[in-house]
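For reference, the structure discussed in these notes is given below.
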Amino acid sequence: MTKNLLVASPYLNNIGGTEIEALIMAVYFYNTNSFKTVTIFTPLICKNKFFKEIIGSKNIRILHYPIFFNSKSVLFLNKIFKKSGLKIHFLEYFYWMIISIKYNSFFLLTYTNCSYFFPLFNFYNEKKKYIAKITMWHYKQLPPSQKNIYSKFNNIIVFNEEQKLFWIEKNLLRKTICMDIMIFNEPNLLNLPPKKFEKDYLVFGYLGRISREKNIVDMLFLIDFLNNQNNKKCKLIIQGDGDISYLEDLELLIDKLNLKNFVEFNRNFINPLQTHFFYERVDVFLVTSTSEGGPMTALEAVAGGCCVLGYNIGAMQARFGSFPYVVNHNFDMLCHSTLSFLNLSKYEKQSIVKEFRDFYKLELSNSTKAFKLSQLFK
């Protein structure tokens, strides 16, 4: 039987972890030649040209619901069918019926209460492969109606062992497995020269979406602690775009803490295939999120030869818990760990980041994950 794969994402417009992971998976499976066709589905039309640039000449299509699904006449018909007792939109029903006929393998990016792919399971076929990838670090039980759908997956992939245990015990989904994500641009990141720590200051960095759950205020308070309270010389580069109101709040806090000379905002988008230029400038990458899946950027930073310091969030403990300073349970611990790292000699810093990078190559590289992922579709 010819194998055709559909990689599905709830959204594909902003440059975020879920969107990038969908693209990574599609490109990876395309390059393996394991499938005759690889297609990406997202409900709304993809207007971001970046995704198409990454795909390039690869024969990977991006599907979305037809635009006329939102026409007044179709919406009117949906209301009529809903009043008659049908729980799904009739055009969506036939759309997913065609999808289920055309594809026999499905890699679905999702999270608790995400339901965009549910119509697919009206045509569930036990001979086909259904893999779910949970993209958010949320510990929320599934409603009974959703458990029924998730029970049909061949495997459910989560970020870490703690999350796996939750899904098995609370959601009673015993096919849950733990597997980390792959990253874009790995060859260029691994080819960056090692950090020498010869300057009289350290550069901290954050790359990603500017949003409140990223808790960037703690990064600013950390620089205040280091520079203003402990007379260190540190800089912070914040690279990304997002919530304008949050960005304005951050700028006010920078003024309040007298950090204007130490914080650099770059709101330009960085193509994920060019991230090595960012990590080349950074010594220490910060992860201070209140809600997180990975993050993917922490893996990129380690591959690029940076130290990573942050909170016990997402997969941080599972990935880096064996290393000193990296995983901290609160802001005071983060301050203490960061100060301890800064007080090391340059040779001690070099040794730590070398061990860090070697560990990535051995345990966290794309090649170590690719084989495990491929086995799920056997």
(message) If I filter segment 178-206 down to residues being at pLDDT below 95 and among the hydrophobic types (A, V, I, L, M, F, W, C), which single residue comes out as nearest to residue 141 (Cα to Cα)?
(response) 178
(request) With the condition kept exactly as written, say whether any residue in segment 167-186 is in contact with a Gly (Cβ under 6 Å, 6 or more places away or on another chain) and free of Cβ contacts under 8 Å to residues at least 40 places away in the same chain. (result) no
(request) Within segment 150-167, track down each residue that is part of a loop (DSSP other than H, G, I, E, B) and either touching a Phe, Trp or Tyr at 6+ places or on another chain (Cβ under 7 Å) or on the phi > 0 side of the Ramachandran plot (or both). (result) 152, 153, 154, 159
(message) Under 6 Å between Cβ atoms, which residue pairs at least 6 apart in sequence (or on different chains) link something in segment 40-54 that is touching a residue at least 40 places away in the same chain (Cβ under 8 Å) with a partner that is of a type in the set (Gly, Ala, Ser) and buried (at least 17 other Cβ atoms within 10 Å of the Cβ)?
(response) 41/8
(message) Out of everything in segment 43-79 that is part of a loop (DSSP other than H, G, I, E, B) and touching a Phe, Trp or Tyr at 6+ places or on another chain (Cβ under 6 Å), what residue ends up being surrounded by the fewest Cβ atoms within 10 Å (Cβ to Cβ)?
(response) 58
(message) Within segment 180-192, does at least one residue satisfy the condition of being within 17 Å of residue 340 (Cα to Cα) and in the same structural domain as residue 319 (by TED's automatic domain parsing)?
(response) no
(message) Just to confirm my filter: which strands (runs of 3 or more DSSP E) fall fully inside segment 256-337 and include at least 1 residues that are in the same structural domain as residue 194 (by TED's automatic domain parsing) and more than 22 Å from residue 355 (Cβ to Cβ)?
(response) 263-266
(request) Output yes when any residue across segment 80-101 is under 24 Å from residue 293 (Cβ atoms) and surrounded by 13 or more Cβ atoms within 10 Å (Cβ to Cβ), and no when none is. (result) no
(request) Name every residue in segment 326-378 that is of a type in the set (Ser, Thr, Tyr), over 27 Å from residue 153 (Cα atoms) and surrounded by fewer than 12 Cβ atoms within 10 Å (Cβ to Cβ), in order of residue number. (result) 340, 345, 347
(message) Exactly one of these conditions fails for residue 151: (1) in contact with a helix residue (DSSP H, G or I) (Cβ under 8 Å, 6 or more places away or on another chain); (2) over 17 Å from residue 5 (Cα atoms). Give me its number.
(response) (1)
(message) Among the residues in segment 304-325, are any exposed (fewer than 14 other Cβ atoms within 10 Å of the Cβ) and in contact with a strand residue (DSSP E or B) (Cβ under 7 Å, 6 or more places away or on another chain)?
(response) yes
(request) Taking the options 246, 279, name whichever one is touching a residue at least 60 places away in the same chain (Cβ under 8 Å) and either on the phi > 0 side of the Ramachandran plot or surrounded by 15 or more Cβ atoms within 10 Å (Cβ to Cβ) (or both). (result) 279
(message) All but one of (1) free of Cβ contacts under 8 Å to residues at least 60 places away in the same chain; (2) closer than 25 Å to residue 290 by Cα hold for residue 109; state the number of the condition that does not hold.
(response) (1)
(request) Give 147, 127 a once-over and let me know the one that is in the same structural domain as residue 34 (by TED's automatic domain parsing), part of a loop (DSSP other than H, G, I, E, B) and out of contact with any Asp or Glu (no Cβ under 8 Å at 6 or more places or on another chain). (result) 127
(message) What are the pairs with Cβ atoms under 8 angstrom where one residue, in segment 311-323, is hydroxyl-bearing (Ser, Thr, Tyr) and the other, located anywhere, is part of a loop (DSSP other than H, G, I, E, B)? Sequence gap at least six, or different chains.
(response) 311/288; 311/289; 311/329; 311/330
(request) Return the residue satisfying two criteria in turn: it lies in segment 150-181 and is surrounded by fewer than 18 Cβ atoms within 10 Å (Cβ to Cβ) and β-branched (Val, Ile, Thr), and of such residues it is farthest from residue 314 (Cα to Cα). (result) 168
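The values are calculated or read from the model by the stated rules, or taken from the named source; none is laboratory data. Since the model is a prediction, treat every value here as computed from it, not as a measurement. Glycine gets a Cβ as well: all are built from the backbone with ideal geometry, and neighbour counts include every protein chain shown.
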